[in-house]
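The values are calculated or read from the model by the stated rules, or taken from the named source; none is laboratory data. Remember, it's a predicted structure, so these values are computed and weren't measured experimentally. Note that each Cβ is placed from the backbone with ideal geometry, even for glycine, and that neighbours are counted across all protein chains shown.
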Amino acid sequence: MRWIVLIGSFIAYIFDALEVVILSIALPDIREDLGLSATQGGLMATATLLGIGASSITAGWFADNYGRKKPLLYCLLIFGAFTAAIAFIGNFWIIMLLRFISGFGLGGVWGIVSAYIVETWPAHRRGRAVAFVLSAFPIGGVLAALLARLVLPDWRLLFFISGVGVVIPLAIVAFGFKESAEWQTARRNSTDETATVSVARIFKPDLRRTTLIGTAVCSLSLVAWWGSSTWLPTFLHEDKGVPMTTVTLLLTLLNVGMFLGYNIFGIIADKYGRKLAIIISLAGTGLTLPLYVLAGDEQSLYWLGPLFAFFVAFFGLYGSYLSEIFPTEVRTTGAGFCFNIGRGVSALAPLILGFIAGGVGLSTGLLVCASLFIVAAAMMTLMPDSNRRPKEQHQHSDREPTVSL
């Protein structure tokens, strides 16, 4: 059963990533078709991330109180339906609203699939398992780039295909997943099975410091990531003069590098610890992004891009790390709060970089993003290690975790 959860979660997160990435790729065509300014383009990305941020409390609370399966189904249904609906809308403000609502679904998937894997896989393999599932993000990015090559400049068709495709993970989760046995056991062992878990629990003295610093680390790194990734296609095309067909190829190479990085860093996390792996990932991203931005010729972009993207493994590492440092009863709430509040705060990044683009240029904004990765790495040193070190986890994890009806 754990393999069904692994593959099903991987496919679900592919489509989660696809829905996020298509906006960045289609943004130049959307702006041209609807006559939008750079600031308005940034607002569209901001609306999505604000919805994701809003989901940090609702989706996590729902999953910790009512199980993992139903909330995951609802999240997939929400972002699939509202992404497809955009294909039929021509009004900027209505598109903004639909992207905001779809963000509710998009934000919930990350925390729920991370909890599912942590609760169904042996502790000494969790780093690799969660990193593998979340490495679906660059695969979703590759799929978005390939679809874009086929259908752009028809951005409406791109959104429709992406939204309708969510029926695939919906069917897998609906018919293949069972409820997490660890969550069910935790509910049975609670003093009152009918009591709901409060969000306030993650701000009690034993978890408050972890919650606040974890949220700060996620916020800094995700502001840097969404700020840079949203505008990177536009930067390559308009500032570097790279044709859009080549831009999609460069984005594909970025995602290949990211996929490799997720899985290699997953091995590092299991062997040397989640915290150290995250610090290396953040620092490496901050050091290689300026090299990519300042590359003097197009050929350099072909190898500097994958190198930069290789270090963007913190996305996958956060999943296992944050899920382990919070107890089962608030696992999705705590991990989802740190990560998705970070995504919500990062909603400002595309908008800010849109303003910068009209002033001193995107390259300066991208260099600011690089510095934020370094600050996040420094703050990560203040976070606790996982509840148990990898070697200790191995000793206590010979029995395979299960899921049950």
Margin query: Could you go through region 99-117 and let me know if any residue there is at pLDDT 85 or above, outside any helix (DSSP H, G or I), surrounded by fewer than 24 Cβ atoms within 10 Å (Cβ to Cβ) and of a type in the set (V, I, T).
Written below: no
Notebook entry, point to check: Among L232, L236, L254, which is the only one that is more than 20 Å from F137 (Cα to Cα), in contact (Cβ under 8 Å) with a residue 24 or more places away in the chain and crowded, with 20+ Cβ neighbours inside 10 Å?
Noted result: L236
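Residues are listed down the side, and each one gets a yes or a no for (1) of a type outside the set (V, I, T); (2) buried (at least 24 other Cβ atoms within 10 Å of the Cβ); (3) touching a residue at least 24 places away in the same chain (Cβ under 8 Å):
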| position | (1), (2), (3) |
| --- | --- |
| L294 | yes, no, yes |
| Q299 | yes, no, no |
| L304 | yes, no, no |
| F310 | yes, no, yes |
| F314 | yes, yes, yes |
| E329 | yes, no, yes |
| C338 | yes, yes, yes |
| G342 | yes, yes, yes |
| F355 | yes, no, yes |
Notebook entry, point to check: Of the residues that sit in region 32-48 and are crowded, with 24+ Cβ neighbours inside 10 Å and either part of a loop (DSSP other than H, G, I, E, B) or in contact with a Gly (Cβ under 6 Å, 6 or more places away or on another chain) (or both), which one is modelled with the highest pLDDT?
Noted result: T48
Margin query: Where the second residue is of a type outside the set (S, T, N, Q) and part of a helix (DSSP H, G or I) and the first is touching a residue at least 24 places away in the same chain (Cβ under 8 Å) and farther than 19 Å from F62 by Cα and lies in region 197-213, which pairs have Cβ atoms under 7 Å and are six or more apart or on separate chains?
Written below: L207/G334; T210/I325; I213/M379
Notebook entry, point to check: Any residue at all in region 121-144 that is buried (at least 24 other Cβ atoms within 10 Å of the Cβ), part of a loop (DSSP other than H, G, I, E, B), on the phi < 0 side of the Ramachandran plot and not aromatic (F, W, Y)?
Noted result: yes
Next item on the list: State the number of residues belonging to region 379-405 that are assigned to a helix (DSSP H, G or I), modelled with pLDDT of 65 or more and over 30 Å from L43 (Cα atoms).
Entry: 0
